[in-house]
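Enquirer: For reference, the structure I am asking about is given below.
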Amino acid sequence: MSNDSPIGVFDSGVGGLTVAREIMRQIPNERIVYFGDTARVPYGSKSKDTIIRYSKQIIRFLLTQNVKAIVIACNTASAFALEECKKEFDIPIIGVVKPGAKVASEATNNGRIGIIGTEGTINSKIYSEFIHEINPDIKVFGKPCPLFVPLVEEGLLNDPVTDEIASRYLSEFKDKDIDTLVLGCTHYPLIRSTVRRTVGDKVTLVNPAYETAIELRHLLDKKHIANIKEYDSPSQMYKFYVSDAAKKFKDFANSILPFDILTTQQINIDEY
Ligand code: DGL
């Protein structure tokens with residue numbers, strides 16, 4: 001492993017691309033190996049034990065790619081598996097929940113924060129825990145939005161169906177007087193405009209990806225493993241793997257990344 005080794009980034013599917021995209025923007029010298037667990041998405045309704053097992057398999061695969069650090073670009077896996085994975089693997093690993101909690105605590109003026117995420121993330125209460133470590137007086141209101149992930153995976157990013165589901169899920173925040181809402185699932189920034197329309201302009205939307213990329217940059221600097229080499233093209237820097245439906249993933253990735261990816265390779269994650 002050396003400074004020009006890549007960063008491993010993973011999610012249950014396409015959602016983690018919102019984090020990868022932010023890393024590409026903020027730390028443009030870093031190479032990335034992305035894994036989307038498209039065969040086993042969604043993670044949000046599965047048990048903690050299952051998500052720990054999946055996450056460990058993926059990290060074992062990423063280690064075969066010689067990665068120097070790992071970003072769990074999935075709130076559910078960060079909530080359930082980050083601590084277990086840190087214990088098992090001797091490599092720096094960060095998740096997205098702590099950075100998201102930090103930004104939300106800084107963003108709120110009235111001390112009332114909404115969190116939307118998968119059932120796993122919301123029921124784990126991990127966002128409340130981290131926010132209360134920073135400020136115990138903040139009121140946190142969580143709401144699982146399980147249908148958002150399949151809607152995003154199906155590409156229904158601007159669609160009346162997504163609008164309808166969003167207004168049902170988010171209507172309960174109306175009388176909670178929140179001024180900040182955390183997009184606590186990495187799929188949700190892809191329907192940010194729908195969420196914005198539904199909750200109105202006065203609520204600050206927090207995407208944990210931004211702060212996660214900052215935390216990663218600090219980590220690489222602190223460990224003296226940042227890359228200073230420069231590359232000519234994205235294809236030299238970024239590699240994409242999935243556990244199923246490689247073509248669908250590639251088409252989706254090309255619609256949201258600032259460049260076209262040439263290949264996405266399918267692997268059998270159960271071998272790891
Ligand atoms: N994008 C993931 C998250 O941030 C998981 C969504 C899912 O697979 O349910 O929680």
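None of the figures in this text is laboratory data; all of them are computed from the coordinates on show. Remember, it's a predicted structure, so these values are computed and weren't measured experimentally. Note that each Cβ is placed from the backbone with ideal geometry, even for glycine, and that neighbours are counted across all protein chains shown.
Enquirer: Mean shadow of the chain, computed from the convex hull of its alpha carbons, in nm²?
Expert: Value for the chain: 13.4 nm².
Enquirer: Moving on. What are the extents of the Cα atoms of the stretch 186-267 along their three principal axes, listed from largest to smallest and rounded to whole Å?
Expert: Largest first, the stretch 186-267 extends 42, 37, 24 Å along its Cα principal axes.
Enquirer: Does the stretch 107-165 come out rounded, prolate or oblate, given a ≥ b ≥ c as the square roots of the eigenvalues of its C-alpha gyration tensor, rounded meaning a/c under 1.5 and, failing that, prolate meaning a/b above b/c?
Expert: It comes out prolate by the Cα gyration axes.
Enquirer: Would you please classify the overall shape of the stretch 134-262 from the alpha carbon gyration tensor, given that a ≥ b ≥ c denote the square roots of the eigenvalues, rounded means a/c under 1.5, and beyond that prolate means a/b larger than b/c while oblate covers the rest?
Expert: The shape class here is oblate.
Enquirer: Can I ask one more? Please work out whether the stretch 14-105 counts as rounded, prolate or oblate from its C-alpha gyration tensor, where a ≥ b ≥ c are the square roots of the eigenvalues and a/c under 1.5 means rounded, while otherwise a/b larger than b/c means prolate and anything else oblate?
Expert: Note, shape of the stretch 14-105 comes out rounded.
Enquirer: Consider a paramagnetic label point 7 Å from the Cα of residue 217 along Cα→Cβ; state which residues of the stretch 12-43 have an amide N under 18 Å from it.
Expert: Residues 18-32 fall inside that zone.
Enquirer: Taking R0 as 25 Å, what's the FRET efficiency between residue 174 and residue 129 from their Cβ-Cβ distance, rounded to 0.05?
Expert: 0.45
Enquirer: Run the numbers on the chain and let me know its relative contact order in percent, using alpha-carbon pairs under 8 Å that are six or more apart.
Expert: 26
Enquirer: Taking only complete DSSP H runs, can you tell me which helices of the chain stretch 18 Å or more along their own long axis by Cα positions and average at least -1.0 on the Kyte-Doolittle scale?
Expert: Both cut-offs are met by 48-64, 75-88, 209-222.
Enquirer: Let me ask something else. Cα centroids of the stretch 142-195 and the stretch 83-97: how far apart, whole angstrom?
Expert: Centre-to-centre distance over Cα atoms comes out at 28 Å.
Enquirer: Further question: Per residue of the chain, what 222 nm ellipticity follows from adding -39500 (n - 2.57) for every DSSP H run with n ≥ 4, rounded to the nearest 500?
Expert: Counting only the DSSP helices, I get -13000 deg cm²/dmol.
Enquirer: In nm, what is the difference between 0.36 nm times the number of residues separating residue 53 and residue 161 and their Cα-Cα distance?
Expert: The residue 53-residue 161 span can extend by a further 35.5 nm.
Enquirer: Considering the stretch 72-207, what Rg and Dmax in Å follow from its alpha-carbon atoms?
Expert: 14.7, 46
Enquirer: Sticking with this structure for a sec: How would 191, 214, 228 line up from fewest to most surrounding beta-carbon atoms within 10 angstrom?
Expert: Going from least to most buried by this count: 228, 214, 191.
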